[in-house]
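The values are calculated or read from the model by the stated rules, or taken from the named source; none is laboratory data. Here the structure is a predicted model, which is why all the values come from computation and not from measurement. FYI the Cβ positions are ideal-geometry reconstructions off the backbone, even for glycines, and counts take in every protein chain you see. Ligands, DNA and RNA are stripped out before the accessible areas are found, and what is left, the full protein with its side chains, is counted by its heavy atoms. Shrake-Rupley method; radii C 1.70, N 1.55, O 1.52, S 1.80 Å.
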Amino acid sequence: MTGPFPVQNATVPYWRTQLHHLDSHRSTPELPEKQDIVIIGAGFAGAAVAHYLLKDIPENGQKPSITIIEAREACSGATGRNGGHIRPDLFVALAARMRAQGLEAANQVALFEVANAQALEDLIRDEGIDCGLRRVTTGDVFVDAGEAAKIKKLWDAMTKLDDGDCPTLRSVAYHGPGDGEAERVSGVKGAKVAFTYPAHVVWPYKLVMRLLEGVVEKGVNLQTRTTVNGVSETVDKEGYWTLGTARGPTKAKKVIFATNAYTAGLLPEYDDAIYAARGTVCRVVVAPDGPGPATNIPPLGSAGLEMESPNTVDSYYGLREDGSIIVGGGKSVFIDEREEWYRNYDDSTLIESTVPYFDGWAKRTFTGWEGKTETESIWTGIMGYSADDAPHVGHVPSKPGQYICAGFNGHGMPNVLLCAKGLAEMIKDGRPFSETGVPPVYETSAARLRKISDLVAAPTTGRARADIYLKF
Ligand SMILES: Cc1cc2nc3c(=O)[nH]c(=O)nc-3n(C[C@H](O)[C@H](O)[C@H](O)COP(=O)(O)OP(=O)(O)OC[C@H]3O[C@@H](n4cnc5c(N)ncnc54)[C@H](O)[C@@H]3O)c2cc1C
């Protein structure tokens with residue numbers, strides 16, 4: 001048993017206050033002895049891979065036998081604890097990726113995120129999923145003058161690129177400091193610059209639970225509260241991998257790791273590539289004893305706020321139809337307390353310094369906010385940060401029959417769905433990664449893991465750690 005694995009007694013996110021009947025479901029009392037496919041993890045990635053593995057197979061068609069094994073309750077990981085934003089990153093992350101990986105890769109990712117948002121909207125409509133999906137105008141808002149000046153310079157440079165070189169920029173509007181425009185458009189006190197663009201908000205747990213319900217109806221065996229504590233190094237004589245659990249072993253021809261932050265617990269070769277980062281989200285409501293609701297409801301449906309330099313997004317929020325606000329982040333108060341977030345897997349406790357941060361957050365943040373707010377609930381969640389800022393999708397190197405769909409950072413909602421679809425096509429149709437439409441920089445490979453370890457691990461350990469585990 002290696003680990004780390006999901007901890008028990010996790011804090012309770014608002015999204016998990018109305019539990020679905022499959023939340024702690026076990027389709028059979030025992031784990032199946034063997035099956036075609038095991039998916040480890042019942043978050044967005046695991047549920048979406050299962051959905052696409054079974055999609056379009058006729059009722060009487062040949063279906064693979066599939067088991068989803070989940071350490072805790074269904075959708076109790078990052079997906080059940082996030083901010084509920086679907087915000088394709090059309091400019092700020094595009095610019096960062098352009099510098100790191102080139103314009104072509106940056107455009108591929110931005111367009112992929114737009115396609116994900118559309119695919120998600122289509123899926124939710126076609127399947128009639130009741131998950132509070134709403135279109136909103138979102139914003140990236142810069143309050144710090146230095147950061148605002150830097151980003152404006154970048155915007156000027158990028159908008160000078162020939163039309164067509166950065167197609168997603170056309171959906172972004174710039175609002176500057178003149179006449180208080182950025183502040184007026186964003187509703188954020190002291191905003192110097194704001195970029196606005198289309199996005200969505202969603203109740204992520206309801207979305208994933210309906211996907212899980214759909215696949216369980218099609219015969220998938222869902223096994224919650226079962227941690228996979230190891231996978232055999234090789235296949236047996238019949239070509240099955242053996243997965244260990246406290247409830248006994250189970251075997252599968254194909255194993256899909258939808259384990260996000262916990263991937264290295266089972267695949268140590270990913271230890272440098274995908275690591276845990278603990279974050280906080282809360283739900284802010286107008287206090288019952290306050291002077292009444294806000295008189296000036298923030299104009300944007302969601303936003304990421306850069307309050308000071310050199311921190312990146314310090315907080316982010318999404319408005320709910322009931323008037324409450326889901327707020328996440330608080331980075332500035334805990335970023336220096338590294339042990340509180342870096343490789344921290346404990347979502348059963350809070351990052352204490354964020355608690356006072358969120359009290360009074362609305363009043364500190366919005367112009368004209370007169371309502372008194374209280375933090376109705378606050379929770380932590382574990383993100384799977386990717387060292388090179390891109391998820392890992394595809395064949396696990398040197399382990400034929402093992403696949404990965406993980407490492408979605410704090411940005412899985414506009415990425416997971418089509419990554420899962422692409423992976424399902426690789427598995428059921430034998431489609432090569434290059435034909436899935438998933439951005440090439442998302443493809444996992446031994447070369448990519450080695451490169452990450454060279455950069456990340458070599459300076460501290462003197463050797464590239466992935467090499468210890470990679471067989472070629
Ligand atoms: C605090 C926070 C805020 C966020 N806000 C946003 C946001 O607003 N917008 C956005 O786009 N993204 C956001 N994210 C990121 C987003 O939630 C993730 O990228 C996305 O949910 C990843 O989905 P997943 O299925 O890969 O991971 P998860 O939902 O974490 O699912 C992985 C599952 O695998 C299970 N598992 C792991 N190891 C094992 C094992 N050994 N055995 C059995 N089961 C195992 C876990 O229990 C978990 O349920 C946020 C994340 C956090 C934590």
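Compute the FRET efficiency between ASN9 and GLU181 as 1/(1 + (r/R0)^6), taking r as their Cβ-Cβ distance and R0 = 45 Å, and round to the nearest 0.05.
Once the sixth-power term is evaluated, E becomes 0.45.
Roughly how many nanometres apart are two label points built 7 Å out from the Cα toward the Cβ at ASP236 and ALA287?
Using points 7 Å along Cα→Cβ, the separation is 6.2 nm.
Among rounded, prolate and oblate, which fits the range 216-283 when a ≥ b ≥ c are the square roots of the eigenvalues of its C-alpha gyration tensor, a/c under 1.5 means rounded, and a/b larger than b/c means prolate?
It comes out oblate by the Cα gyration axes.
Kindly work out what percent of the DSSP beta bridges joining two residues of the chain are antiparallel, to the nearest 5.
Taking every DSSP beta bridge within the chain, about 70 percent pair in antiparallel fashion.
Give me the percent relative contact order of the range 315-472, please, defined on Cα pairs under 8 angstrom at least 6 residues apart.
Once normalised by length, the contact order is 14 percent.
What is the spin-label model distance, in nm, from GLU321 to LYS55 if the labels are put 7 Å beyond Cα along the C-beta direction?
Using points 7 Å along Cα→Cβ, the separation is 2.5 nm.
Cross-link partners among lysines for LYS55, C-alpha distance below 30 Å, same-chain residues fewer than 8 apart left out?
LYS34, LYS63, LYS206, LYS218, LYS251, LYS253, LYS254, LYS399, LYS421, LYS428
Return the calculated 222 nm mean residue ellipticity for the chain, to the nearest 500 deg cm²/dmol, obtained by summing -39500 (n - 2.57) across DSSP H runs with n ≥ 4 and dividing by the residue count.
My calculation for the chain gives -8000 deg cm²/dmol from helical runs alone.
What number comes out for accessible area per residue over the chain if the probe is 1.4 Å? Units Å², please.
41 Å²
In nm, give the distance between the simple-model label positions of ALA145 and GLU104, each being 7 Å from the Cα along the Cα-to-Cβ direction.
About 4.3 nm separates the two model spin labels.
For Cα pairs less than 8 Å apart in space and 6+ apart in sequence, what is the mean separation divided by the residue count of the range 230-365, i.e. the relative contact order in percent?
With pairs under 8 Å counted, the relative contact order is 19 percent.
Which of rounded, prolate or oblate describes the range 84-187 when judged by the alpha-carbon gyration tensor and an a/c cut-off of 1.5?
Oblate, because a/c is 1.5 or more while a/b does not exceed b/c.
So if each residue of separation counts as 0.36 nm, and I subtract the Cα-Cα distance between HIS21 and ALA115, what length gain in nm does that give?
This chain segment gains 30.7 nm when fully extended.
Hey, any idea what % of the chain's accessible area is carbon plus sulfur with a 1.4 Å probe?
52 percent
On a 0 to 90° scale, report how tilted helix 145-159 is relative to the longest principal axis of the chain, with both axes built from alpha carbons and the result rounded to the nearest 10.
70 degrees
LYS160 to THR137: extension gain in nm, 0.36 nm per residue of separation minus the Cα-Cα distance?
Net length gain for the segment: 5.9 nm.
Let a ≥ b ≥ c be the square roots of the eigenvalues of the Cα gyration tensor of the range 294-352; is it rounded (a/c under 1.5), or, if not, prolate (a/b larger than b/c) or oblate?
oblate
Take every Cα pair under 8 Å in the chain that's 6+ residues apart, average their separations, divide by the length, and report that relative contact order as a whole percent.
23 percent
Using a Cα-Cα cut-off of under 21 Å, which lysines could be cross-linked to LYS160, ignoring same-chain neighbours fewer than 8 residues away?
LYS150, LYS152
I need the peptides 42-52, 141-151, 278-288 ranked by packing, meaning the mean over residues of other C-beta atoms within 10 angstrom, with the highest value on top.
42-52, 278-288, 141-151
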